[in-house]
Structure formats: C-alpha cells, structure tokens
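Only one structure is covered here, and it is reproduced in the block below.
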C-alpha cells in the first residue's frame, strides 16, 4: 500500500463502474455511503482494490475468493455491509 493521495470522488465513481451489475452496485454503494466515513488508510485501500482485475474483484466481493487478512478483509466486509444497507 502506498501513501499517495486518493483520487477525487468523481474519478473514483468512474473507476467503480465495471460493467457488471454486481460490481457496480457493490462498489458504488460503498462510494456513496461509506467512502466519506472512511479514514485515509481505508480510502487508500479502496483505491488499491479498484486497481484489481474485474474477475478477482468480483470473487473477493462475492466471497468466492479468500480475502487476505487485515485491513483489506475489513474493507471488503464494509463494502458488503453498505450494499445491504442500500439494498
């Protein structure tokens, strides 16, 4: 993980649009509801997550792939939770 500044939210919104309804819903739900509440580390993790390939990303967010332990696992759980709130 780097300490680079996170992109503006409108750029993130475009990065969250992945072309599948599932990914779009999960990522945009977190961006709309949880990103503003996230601390700098979690925002950087979200940017890192968005850099992953779609097949890996959907596997992580839908639970088909194991998430590495630590902060990334917590972020994936929050993304899933915010999607449930929005649903």
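Worth a mention:
Let's see how each residue does on (1) touching a helix residue (DSSP H, G or I) at 6+ places or on another chain (Cβ under 8 Å); (2) modelled with pLDDT of 95 or more:
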site: 1; (1), (2): yes, no
site: 8; (1), (2): no, no
site: 26; (1), (2): yes, yes
site: 33; (1), (2): yes, no
site: 37; (1), (2): no, no
site: 57; (1), (2): yes, yes
site: 64; (1), (2): yes, no
site: 76; (1), (2): yes, yes
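- Within the set 34, 19, the sole residue that is on the phi > 0 side of the Ramachandran plot and without any contact (Cβ under 8 Å) to a residue 60 or more places away in the chain turns out to be 19.
The values are calculated or read from the model by the stated rules, or taken from the named source; none is laboratory data. The model shown is predicted, which means the values in this text are computed figures rather than measured ones. Please note: Cβ atoms are built from the backbone with ideal geometry, for glycine as well, and neighbour counts cover all protein chains shown.
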